[in-house]
Structures are given as structure tokens and as C-alpha cells.
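Step one of this worksheet: look at the structure below.
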Amino acid sequence: MHSAPAPLVDRFGRVHTDLRVSLTDRCNLRCTYCMPAEGLNWLPRAEVLTDDEIVRLAGIGVRRLGIGSLRLTGGEPLLRRGLPALVARLTALGVELSLTTNGIGLARTAAALKEAGLHRVNVSLDTLRPERYQEITRRDRIEDVFAGLAAARAAGLEPVKINAVPVRGVNDDEILDLVEFAAEHGYRMRFIESMPLDAQGAWDRTKMITADELLAVLADRWELLPVERQHSGGDGSARRGTPPAEEWRIAGTDTLIGVIASVTRPFCGGCDRVRLTADGQLRNCLFATEESDLRALLRGGADDDAIERAWRNTIARKGPGHDINSADFRQPDRPMSAIGG
Ligand code: SF4
């Protein structure tokens, strides 16, 4: 009989309670800030974790390591065959379950995912203009995203958040429009600073709209009231997790706006996240340059004790945070599309 899990604490006292699971590296969009038009060399199916392997690893995380929330990511997780069945098995672990998607196919699956136990969803949408959507994603699918958002809300996924990456000279003139669109439809708007995680290695800091710039645009239109961050996990001895987004409420409304300022206002000091890639590699940081091969352990017949040890060792090696702002920064070899948000 297993006793209460010892928290998954790193050498800086951060408690890791949030597991992000990439279900596939494949995607049906070709966003210019993420990958080339021709796509990437996708993982062969045999290298991708099976549903049984994902459920086993997530189970070890929840039962033995204090994982309290799971986020399903990709590539594009809706491309995963039999997703509702996998969601139902993960829901049975009794933790909060969310998903990040580009929204293509969500109109078709939202109700089944809700039925299977999914709690909430984040949908990536950087523009409201069809022609600009096509420029950014190299696909003419914006109507699918609008339909997906509406279906998620109708299915009762709550909250339905929109993630937008403002890029200078591309979509930074739509910041206010996106907030109004979200408020009008009952979605929650979040802006994410662009990060150096693209497959092409072409990230340009000068094109990044900083949190300060973003807030200046918003504050020019509305009075913004800061919302206290809801910390997760932690007790007197170990540091509580800090959610990535800083939030503001528009005065006199219930409209919340989130800003994820990974580059200019890093929140690594309160990081509670650990990531599992679609090919079973454990990453202790989004910007990690090394990984632990849990798939090899799984397929090598390792027992849960060995997997737990490997997981704890990976977190024990975690650095203080990303060093994007230092001269020594080295972009990870694995692109965001194969890590997941
Ligand atoms: S960059 Fe790494 S350490 Fe910092 S918040 Fe993200 S995952 Fe955590």
C-alpha cells in the first residue's frame, strides 16, 4: 500500500504538480513562427507512446509524485486517434485535465471530450482576420477555429481560453480586437510573448511584443486591475507553484486578460511544470537541453520504482530557469511543436 506521495521538489524548493503531456508531434497547421511550410520529419508511430504507456506514466506521476494536474498538448493533440477514450482513462486518475489545441476539429470533438472528463481548453488564435490567419498558419481554417471555440463553450468546457502570440508588424494591431472578441463570446484572452522555440531557429527578439508594450496598449483603452495569482501546491517548507499568466480584470467588468511574459518577466522561480514528450522523454523545463528517456525504461520492463527514481532525478537536475536573456542561451534542439506548451 503506497503512502502519500512525497512531493516532487527540485533543489530550489519548487514543487512540481503540473504534468504536460504531448500526445503527438504532428500538426495540421504550419504557423510561420513555429515550423517550415513543408512541416517536419514526424516521429514514426512506433516511437510514439501508446495510450497504455501514457496512462501508466501519468498514473505514476499522480500516485507517487504528487502530480495534481495534467495538460494535453502536441503538436496538435486533436490529431491523436481515440483521444476521448484516452481522456476518460486519464480523468479516472482524479486530477484536473486540460488541453491546448489549435481548434481545428474541436467543433467535432468538444462534446465527447467534455463527456470523457476534460475540464477546460486553451485554443490558439493569433488573429480574427481570415487572410491574415492564412498568412500566419499557411492554412485557410479560421472558420474551423471559430466553430471549435463555440462548440467548446456549448459543451461546457470552462474556461475556454484563447492563446495569442502578438508579433510586431504581423498581428500586434489586433490586440484590442482580440480582447473584445473574447469578452463578447465569453472566452478568456491570454497573450503569450513569442519565445525562441521555433524549428527554424529564426526567433527575432525585436519582433516580440513585450508584456510592457502589450499592457500599455490595453491600459490606453481600459482601466486594468491586477488579479492576484492563484498559487498551486506547496506547504510551509516547499515553494508553491506560480501559474504562468499574470492576470488583469478590466474595471467594471468580469473580463480577465492574461499575459504570459516568459521572456521579459520570467516566472521560473515558481515553476511547477514538468513535460513528457510524445516519444516518452521527460523534460524538466521547456528550455531543457537534456531529457530523460522514460520510454526506454517502460519498454525495457522497468518497474514503477525505477521510473519514479528516474523522474525524481530529472527534477533534481533542473536549473533555476531559462537563460533566454543571457549570452549563454542555447535554443533546445527539440522545437516547441515536439515539446508542447
Ligand atoms: S522556462 Fe523552464 S523553469 Fe522557467 S517557467 Fe518555463 S518550464 Fe519553468
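Any idea which of Val165, Val179 is open to solvent by less than 10 Å² (accessible area, probe 1.4 Å) and within 25 Å of Asp254 (Cβ to Cβ)? Answer to the check: Val179.
Being of a type in the set (Lys, Arg) and closer than 17 Å to Val274 by Cα is a condition met by at least one residue of the range 20-39.
All conditions in (1) buried (at least 17 other Cβ atoms within 10 Å of the Cβ); (2) at pLDDT 95 or above hold for Asp303, with the sole exception of (1).
Taken over the range 287-297, the residue count meeting the criterion of being within 16 Å of the ligand (Cβ to nearest atom) and touching a residue at least 24 places away in the same chain (Cβ under 8 Å) is 5. Scanning the range 139-170 for residues that are under 19 Å from Val259 (Cα atoms), of a type in the set (Lys, Arg) and over 18 Å from the mean Cα position of the chain (by Cα) yields one hit, Arg168. Summed over the range 319-339, the residues that are open to solvent by less than 20 Å² (accessible area, probe 1.4 Å) and out of contact with any strand residue (DSSP E or B) (no Cβ under 8 Å at 6 or more places or on another chain) give a count of 3.
Regarding Leu78, is this residue in contact (Cβ under 8 Å) with a residue 24 or more places away in the chain, of a type in the set (A, V, I, L, M), under 17 Å from Leu149 (Cβ atoms) and not in a strand (DSSP E or B)? Against the criterion (in contact (Cβ under 8 Å) with a residue 24 or more places away in the chain, of a type in the set (A, V, I, L, M), under 17 Å from Leu149 (Cβ atoms) and not in a strand (DSSP E or B)), Leu78 qualifies. Determine whether the range 257-269 contains at least one residue that is within 14 Å of the chain's Cα centre (by Cα) and free of Cβ contacts under 8 Å to residues at least 60 places away in the same chain. For the range 257-269, residues within 14 Å of the chain's Cα centre (by Cα) and free of Cβ contacts under 8 Å to residues at least 60 places away in the same chain: absent.
Taking the range 247-297 as the range and being open to solvent by less than 50 Å² (accessible area, probe 1.4 Å), of a type in the set (Asp, Glu) and not in a loop (DSSP other than H, G, I, E, B) as the test, only Glu247 passes. Inspect all residues belonging to the range 298-312 and state whether any of them is within 13 Å of the ligand (Cβ to nearest atom) and under 28 Å from Asn122 (Cα atoms). Scanning the range 298-312 turns up no residue that is within 13 Å of the ligand (Cβ to nearest atom) and under 28 Å from Asn122 (Cα atoms).
In this entry, Pro44 is excluded by the filter for residues that are modelled with pLDDT under 95, surrounded by fewer than 16 Cβ atoms within 10 Å (Cβ to Cβ) and over 17 Å from the mean Cα position of the chain (by Cα). A search for C-beta distances below 8 Å between a residue of the range 302-328 that is acidic (Asp, Glu) and any residue that is more than 16 Å from the ligand (Cβ to nearest atom), counting only pairs 6+ apart in sequence or on different chains, returns Asp304/Ile60; Asp304/Arg64; Glu308/Ile60; Glu308/Arg64; Glu308/Leu65.
Scanning the range 109-121 for residues that are in a helix (DSSP H, G or I) and of a type in the set (D, E, K, R) yields Lys114, Glu115.
The values are calculated or read from the model by the stated rules, or taken from the named source; none is laboratory data. None of these values were measured; they are calculated from a predicted model. Because the Cβ atoms are built from the backbone with ideal geometry, glycine has one as well, and the counts that use them run over all protein chains shown. All accessible areas refer to the heavy atoms of the entire protein, side chains included, with ligands and DNA or RNA removed. Shrake-Rupley method; radii C 1.70, N 1.55, O 1.52, S 1.80 Å.
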